[in-house]
Amino acid sequence: MRTTRRELAAVAAAGALPLLVDTPGALAATRSEMQVLRAAVDLEQRAVFAYGAAAPRLSGNDARLFRHFQGQEEHHAAALSNALRNRGGHPPPRPRSAREVPGLTRALSGGRPVILRYAVALEERAVAAYSDAARNFRDPRLLALVARIIGSEGQHLAVVREALGRDPVPSASEGSRR
Amino acid sequence: MIRPVAGLAPAQYVRSRRDFLRVAGALAAPGALLAACGGGDEGTGSPAPSPAETDARILNRVLSLEHAAIAAYTAGAPLLRGRALTRARRFLDQEREHAGTLSRAVRDLGGTPNEPKSGEEYRREFPLLRDQADVLRFAVDLENRVVRGYVEALPKISSPGLRQTVAGILAVDAEHVSVLLGEQGRQPVPLAFVTGT
């Protein structure tokens, strides 16, 4: 089951909707591999910040999960940043406050369900972004990196959906535009 | 709905743990895996294939892996119960969708989609499945094989649209791995980079 209209409305009410509509298809819209790569680094750095900020608001397995995901997103950001630097680019600055990550401040004040829905939206957007990148990248090395990361984001998505009591794998394909 | 593999009863999959380990060991070698699934390379000596022909051949390799996953879920489902059975049925349906998508893509490229092997062939290759734990372990192995197939395929596909299709399927098969690991009580997202190994 994908995010329902009701859930979207709830997320929007919590201020997280800009995450979904802020830059839809951002990675596809950019014109060069460097731009796509930079956008991917930005996406991962926001995810690192979001999981790190949200973990202390959660408890038990949820908190451990978010810390674990934060570490994995950090690995993604590092690998993508290296790829960007190897091509002469510069990673974007990391967010330094929740206000720099769309919707995060409101999500953090909404309690566990809102935070988990925010994480689902975050991961759905990441999977969609890497799906777009798979279409737009030409460099086999970047495509290989995308292949290894999109599987990880899909796994995050399945686990967070399950934590919300949703079907962890609701459809046969991920990343379709919604 | 679970449908049996032609000519195959669940008990017929049951052999020995040694067989399981042998098959699991073979999974570590992707070339061997692809060959075992019927997806090996064709002979050489002919003119260089067109991009469409190459894409069709790559998709046929992962299609064979999907066929194997379908056969495995079909064989293992009778040994599952409760939530694990519900999920295996769901995953089986999704693998069938993947196989359908890949078959259509191969045809659209002018190729001929690989057909599933016979039940007897799968029976010879599959490990001993005695209970739910065996089925979950084998399902994780097979899903990882499928994921590895897609990870290796994606950078080699020339069609942007097909790369996107493959990426969307890859994400779902990685999700299957995660859910199955969770069913086994294991860390559901063990690695930051999912390679199917």
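Read the figures in this text as sums done on the coordinates, not as results from a lab. Being a predicted model, the structure only gives us computed values, none of them experimental. FYI the Cβ positions are ideal-geometry reconstructions off the backbone, even for glycines, and counts take in every protein chain you see.
When the Kirkwood radius is taken over all Cα pairs of the stretch B:37-135, what Stokes-Einstein diffusion coefficient follows at 25 °C and 0.890 mPa s, in µm²/s?
For these conditions, the coefficient is 166 µm²/s.
The length gained by stretching the chain between residue B:156 and residue B:93 to full extension, at 0.36 nm per residue less their Cα-Cα distance, is 20.0 nm.
Peptide B:176-184 shows a mean partner chain C-beta count of 4 within 10 Å per residue C-beta.
A crude spin-label estimate for the pair residue B:191 and residue B:120, with each label 7 Å from Cα along the Cβ direction, gives 3.7 nm.
Considering every pair of different Cα atoms, what Kirkwood radius, in Å, is found for the stretch A:80-178? Spell out each step's value before the answer.
On the way: mean 1/r = 0.0659 Å⁻¹.
Evaluated on the stretch A:80-178, it is 15.2 Å.
Subtracting the Cα-Cα distance of residue A:59 and residue A:75 from 0.36 nm times their residue separation leaves 3.4 nm of extension gain.
Here the label points at residue A:171 and residue B:108, each 7 Å from Cα along the C-beta direction, are separated by 1.6 nm in the simple model. For the stretch B:79-170, the C-alpha radius of gyration sits at 1.24 times the compact-globule guess of 2.2 N^0.38 Å, with N the residue count.
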